[in-house]
Amino acid sequence: MVEEAQRLLAPDGAPDAAQPGLSGELRTLALINLGIAEYGAARFEEAEQHLEQGVALARRIGRPYLEFTGIEHQARVEVFWSYARAAERSRQAIELAERHGWTDEAAADIAYMVLAATLIAQGRSEEAERWVQRAERTVRMEAEPAVALLVHYIRGLIELARGRDADALAAFQAAERLGGQLAEPHYLVPATRARLLQALVRLGELEQAEQALAELGEQDRDPGEIRIAVAALRLAQDDPDAATAALAPAVDRSTSVISLSDELASHDSDDSPSRLRASGANHPDCLSCRHASRRSGRRQRSRRAAPGGARVTPRKSPRSAGGRSPGPSRSCKDEEEPAP
């Protein structure tokens, strides 16, 4: 798709220059499709540029559906820069859909899901539920596996936030299956696998989590999200040294952590993703490590008395840390521990 869109755009010097008649519409479509493809490849800055050009041209030539499509994909990109702008773009797209009667069409799913993601990132899961339900009613699972993957992923995040780990696991498993149907790698696949592992750890299904990890290739284990999930698993297995080793590349940022938004990053009302990344508060990665650490700590305390009456001080569990490019690394130092 990228090559075809670039071929259509190549003849003209100015990428947003409208051409008369059909060529202007084709140019708009090419710009928006190029932006969508770049987004799927995690080329977010390029996607932002081409989507902005496509939306501007759609308005200029009077094509509201193309404008709507471009705006909702702009919202997806904005999640990585500003929750406020992402929510604003989503609501703009939803308003266009309401104005033209498109709210029950599958095309509106992306706007619903991005708005839900921004609400989740602010700890407003109950408000997000409304938009997730809308998407679940309209998404075409077979026809749009990438969008359906996103729907299941967001559903899983909501269930994690509610402490419904079994429901979260089912959602992430569904998302992972859909990821396997995509023609090209999707940036959410590592995050989905990581959340799946975290849900298994939180459920105490350590053997199943180990098996799921063993099925991943060496390259698939490298992303930061997976490393954080592995750390939680190793802590649950009373192996803090292995947890530290798993986290090391994520801590020093030699490997990246890319997620949909900073999902569940904070309950702070501040909508700056960089601020939330820096705090790391209430992030599932941190909470999964904390859950595993608490279990590990209980077991280590039970073995605190060494032979001969000597006292053994349990080793401190490593704290989860990571980062998402662009932006600073997360830290767990300010996270809120869930109630026992």
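The values are calculated or read from the model by the stated rules, or taken from the named source; none is laboratory data. As the structure is a computational prediction, the values presented were derived from the model and not from experiment. For neighbour counting, all protein chains shown are included, and Cβ atoms are generated from backbone atoms with ideal geometry for every residue, glycine included.
Restricting attention to segment 132-145, which residues are crowded, with 19+ Cβ neighbours inside 10 Å and at pLDDT below 90? First the steps, then the outcome.
Of the residues in segment 132-145, the ones crowded, with 19+ Cβ neighbours inside 10 Å are 132, 134-135, 139, 145.
Of everything in segment 132-145, those that are crowded, with 19+ Cβ neighbours inside 10 Å and at pLDDT below 90 turn out to be 139, 145.
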If only one of 105, 95, 126, 136 is charged (D, E, K, R) and either touching a helix residue (DSSP H, G or I) at 6+ places or on another chain (Cβ under 6 Å) or within 23 Å of residue 177 (Cβ to Cβ) (or both), which one is it?
136
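Would you please name the residue that is surrounded by the fewest Cβ atoms within 10 Å (Cβ to Cβ), looking only at residues in segment 109-129 that are touching a residue at least 12 places away in the same chain (Cβ under 8 Å) and not in a helix (DSSP H, G or I)?
Pass one, segment 109-129, residues touching a residue at least 12 places away in the same chain (Cβ under 8 Å): 109-123, 125, 128-129.
When the remaining residues are screened for being not in a helix (DSSP H, G or I), the result is 122-123.
Numbers: 122: 23, 123: 18.
By that ranking, first place goes to 123.
Checking the conditions here, which among 157, 182 is closer than 25 Å to residue 44 by Cβ, surrounded by fewer than 16 Cβ atoms within 10 Å (Cβ to Cβ) and touching a helix residue (DSSP H, G or I) at 6+ places or on another chain (Cβ under 7 Å)? It would help to see each step written out before you state the result.
Details: 157 fails: surrounded by fewer than 16 Cβ atoms within 10 Å (Cβ to Cβ).
Being closer than 25 Å to residue 44 by Cβ, surrounded by fewer than 16 Cβ atoms within 10 Å (Cβ to Cβ) and touching a helix residue (DSSP H, G or I) at 6+ places or on another chain (Cβ under 7 Å) holds for just one of 157, 182, which is 182.
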Condition broken by residue 220, with the remaining ones in (1) over 26 Å from residue 146 (Cβ atoms); (2) free of Cβ contacts under 8 Å to residues at least 60 places away in the same chain; (3) of a type outside the set (Lys, Arg) satisfied
(1)
Look through 91, 60, 85 and report the one residue that is charged (D, E, K, R) and touching a Leu at 6+ places or on another chain (Cβ under 9 Å).
91
Is it the case that some residue within segment 22-33 is modelled with pLDDT under 95, farther than 15 Å from residue 75 by Cα and not in a helix (DSSP H, G or I)?
no
Residue that is closer than 22 Å to residue 153 by Cβ and surrounded by fewer than 18 Cβ atoms within 10 Å (Cβ to Cβ), where the choices are 105, 78, 95:
105
Qualifying residue in segment 74-94 (condition: among the acidic types (Asp, Glu), part of a helix (DSSP H, G or I) and touching a residue at least 40 places away in the same chain (Cβ under 8 Å))
no
Residue 212 fails exactly one of the following numbered conditions: (1) without any contact (Cβ under 8 Å) to a residue 60 or more places away in the chain; (2) buried (at least 24 other Cβ atoms within 10 Å of the Cβ); (3) under 22 Å from residue 231 (Cα atoms). What is the number of that condition?
(2)
Scanning segment 25-57 residue by residue, the ones that are in contact (Cβ under 8 Å) with a residue 24 or more places away in the chain, surrounded by fewer than 18 Cβ atoms within 10 Å (Cβ to Cβ) and farther than 23 Å from residue 189 by Cβ total 2
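Could you please find all residues in segment 233-246 being under 21 Å from residue 208 (Cα atoms) and either touching a Ser or Thr at 6+ places or on another chain (Cβ under 7 Å) or in a helix (DSSP H, G or I) (or both)?
First pass over segment 233-246, keeping only residues under 21 Å from residue 208 (Cα atoms): 233-240, 242-243, 246.
If the condition is that a residue be under 21 Å from residue 208 (Cα atoms) and either touching a Ser or Thr at 6+ places or on another chain (Cβ under 7 Å) or in a helix (DSSP H, G or I) (or both), then 233, 234, 235, 236, 238, 240, 242, 243, 246 are the ones that fit.
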Out of (1) closer than 19 Å to residue 34 by Cα; (2) within 15 Å of the chain's Cα centre (by Cα), the odd one out for residue 70 is which?
(2)
So which residues in segment 236-260 are at pLDDT 65 or above and within 28 Å of residue 116 (Cα to Cα), if there are any at all?
250
If I ask for residues that are out of contact with any Gly (no Cβ under 9 Å at 6 or more places or on another chain), buried (at least 17 other Cβ atoms within 10 Å of the Cβ) and in contact (Cβ under 8 Å) with a residue 40 or more places away in the chain, which ones from segment 160-179 would you list?
160
